[in-house]
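In what follows, a single structure is set out as C-alpha cells and then discussed.
Nothing in this text is a laboratory measurement; each read-out follows from the coordinates by a stated rule. Everything numeric here is computed off the predicted structure, so don't read it as measured data. For neighbour counting, all protein chains shown are included, and Cβ atoms are generated from backbone atoms with ideal geometry for every residue, glycine included.
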Amino acid sequence: MKDEVRFFFRSIPPMEELLRLSWVEPFEHELGRDAVKSLFNAVLDDIRNEARNGKIRLDLSVRDIVERRAHSLIRQKATSNLRAIVNATGVVVHTNLGRSPLPPEALDAVVNVSRGYSTLEYSLEEGTRGERNAHIEWLLCNMIGAEAALVVNNNAGAVLLVLAALARDKEVIVSRGELVEIGGAFRIPDILSFSGARMVEVGCTNCTHLRDYKDAVTDETALLLKVHPSNFRIDGFTESVSREELATFARSRGIVCMEDLGSGLLEATRVQGLDDEPTVAKSLEVGVDLVTFSGDKLLGGPQIGCIAGKRELVERIRNNPLARALRVDKMTLAAFEVILRMYRRGRSDAIPTVRMLRVERKELEVRAQMLTESIVLLLSELDLSSFCVQSVETEDTVGGGAFPARNLRGWGTALSSNAGLSAERLSARLRAASIPVIASIRENRLIFHIRTLQEGDEGRILDALRETFTRGTGEN
Ligand SMILES: *Cc1c(COP(=O)(O)O)cnc(C)c1O
C-alpha cells in the first residue's frame, strides 16, 4: 500500500467520534444507534474501497468526505420514501406517481374501517362469517350488468387468476396482435405461461381473422383471450376480430371468451376524442363471458383488479387457492365501495381522475393564467429578473396505458431561465423541495401542466419555487 493511502486510512475518524457529531443525535433518535452505526460503516467501506482503487482524492480531508456522505445517506434513510408530491406532468393516470388520487369520501371510509375492527368478513344479520367481496359485488354487478364479480389485488392478478382457474394445462388462443407488454413485468405470454395455460398464438401482428381462431380450436382449448391494446396503436393495414364475433364463436364451441379490458370504463368518458373506448357493460352486453379491468386507471379508484361475468365461471375462480393469495385488504375495499357508490349516485365528476379527464379547456387556461401571474409576482418579490414565465398550451395525456397516441389539449405555465440554468437543473431542484414538484420539460422550458394539479397544488408549486430560489443563488 502506498504511503499516502496508508496515511489516508489512518485519518479516518473512529466510530465513537463520528457518533458524537452534533447532527447525529436526532437521527439516532429516529433510526436507532445500530442503524446509524451501520450507515456510517457503509460509507467508510465505500471510501476505503475507493481509496484502494485510486477513485478518491487523497489530498482532501477524510473527515469532511465521511461527514458529507454520511449526513446525506443518513438523512435519506430517516426521511419517509413514500411521500406526497405534486404531479404537474399532465399525465393523468401516472403509474409511477400512484395512478388515481382518491376523493375525501373514500379516504374517510378508509380511516373509518381501519381505525378499529370492521365487518370485513362478518354478516351482522347472521352473526357469523360473511364474504369479503359481498360489500361491492352487488354494486359492481348492477352497474356493469354482470351475474357475478370478484375483486383481487390488481388487474395483472385478475388475469393470472382467471387463467389459472379456467385454463391450467389447457390451451388459450390469443391473437399475435394482442401479445402486449403493459410496462414493468406484465407481459401476456409470461402471465399465460406462469398460469400453467398453454398459449396458442394466431394471426399476424397487424391482422387476425376469425378463421385463424377457428383453425386453432382443439379439444384442449379452454379459452379465447382478447386483450385491449392499451398502450400502443397499429395504424395502416390492420384487422382484428371484434369482441362480438369472438364471443359468438366461443359460445358456439362451448369455450370461454375472456377480455382483459385494461382500464375498464364504468361509464362513457364524455370526453371528445376519447369516446370510442369500450365500457365494461358494453363488452359484457355483446356476449363476452368474463372481463377483467383495473380499479385505479380510468375508473379512478384504489389499486384493485376486477373480474366480472358469468356466475358459474366466477364461482370457479373464487374457489381457486390463488384467489386467497390475491385477496384485497379492507382499506382498498372501503375506498373502492365509496367510488362505486359515487358512480351510482351520478357523482363521478367528483372522482379526481374522472374530473381531470373531463375538465374544460377554458378552466385550465384561466388557472394557468393565475399560476403564471403568481410566479411572476414571486420572481419580482425575490428580485429575480433572469426568468421567463408564460402560459402555454400543452398536450396532456391520459396515461396508464389508456388511449394510446391520443392527447388531451390543455394549458400550463412555462418557466425558463435566460441566465443558463437548464430546465433539467431547475427540475432536479424542484424534485428536492420539501414537497417535491414533478413537471415536464419541453424545449428547455419547465412546464407545469394544470390538468393534473390537485386542490392546493398551485400553492405548493410556489413554495417549492421559493425554496429553490432562496436556497443558493437560484440563478445558476
Ligand atoms: C394496465 C393493464 C393491465 C395491468 O393492470 P394492473 O392493474 O396494473 O395490474 C393488464 N392488462 C391491460 C390491458 C392493462 O391495460
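Suppose R0 equals 45 Å; then what is the FRET efficiency for residue 204 and residue 267 from their Cβ-Cβ distance, rounded to the nearest 0.05? Before the final figure, lay out each step's value.
Details: r = 35 Å, r/R0 = 0.77.
Efficiency, rounded to the nearest 0.05: 0.85.
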Distance violations [Cα-Cα > 31 Å] among 330/362; 214/282; 310/330; 55/77; 37/297; 170/330
330/362; 37/297; 170/330
Pairwise FRET efficiency - residue 97 versus residue 350, Cβ, R0 = 22 Å, nearest 0.05:
0.60
Say the dipole of the range 41-184 comes from +1 at the beta carbon of Lys and Arg and -1 at that of Asp and Glu; which of 101, 112, 58 then lies farthest toward its positive end?
58
Just grab the label-to-label distance for residue 385 and residue 138, each label 7 Å out from Cα along the Cβ direction, in nm (one decimal).
7.0 nm
Gained length - residue 5 relative to residue 360, 0.36 nm times residue gap less alpha-carbon distance:
121.3 nm
Quick one: what are the phi-derived ³J(HN,Hα) couplings along the range 372-383, Karplus 6.51/-1.76/1.60 with θ = phi - 60°, whole Hz, x for glycine and proline?
4, 4, 5, 5, 4, 4, 4, 5, 6, 4, 8, 6
Could you give the length gained on full extension between residue 181 and residue 33, defined as 0.36 nm per residue of separation minus the Cα-Cα distance, in nm?
48.8 nm
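Report, in debye and to the nearest 20, how large the dipole of the chain comes out about its Cα centre when Lys and Arg carry +1 and Asp and Glu carry -1 on their Cβ.
740 debye
I'd like the antiparallel share, as a percent to the nearest 5, of DSSP beta bridges with both residues in the chain.
Details: 32 of 57 bridges.
Roughly 55 percent of the beta bridges in the chain run antiparallel, per DSSP.
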For the chain, take N as its residue count and report Rg(C-alpha) divided by 2.2 N^0.38 Å.
1.20
Which value, to two decimals, describes the C-alpha radius of gyration of the range 231-352 once divided by 2.2 N^0.38 Å?
1.18
Pairwise centroid distance, computed over Cα atoms, of the range 329-370 with the range 61-112, Å:
23 Å
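Quick one: length gained pulling residue 46 to residue 377 fully straight, 0.36 nm per residue minus the C-alpha distance?
Working: separation 331, 0.36 × 331 = 119.16 nm, distance 4.60 nm.
Gain in length upon complete extension: 114.6 nm.
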Once both label points are put 7 Å beyond Cα along the C-beta direction, the residue 463-residue 71 separation in nm becomes 2.4 nm
Spin-label point model (7 Å from Cα, Cβ direction): what's the residue 418 to residue 21 distance in nm?
4.3 nm
Quick one: which of 8-16, 188-196, 160-168, 122-130 comes out on top by average Cβ neighbours within 10 Å, and what's the full order, highest first?
160-168, 188-196, 8-16, 122-130
Order of 100-113, 329-342 by packing, highest average Cβ count within 10 Å first?
329-342, 100-113
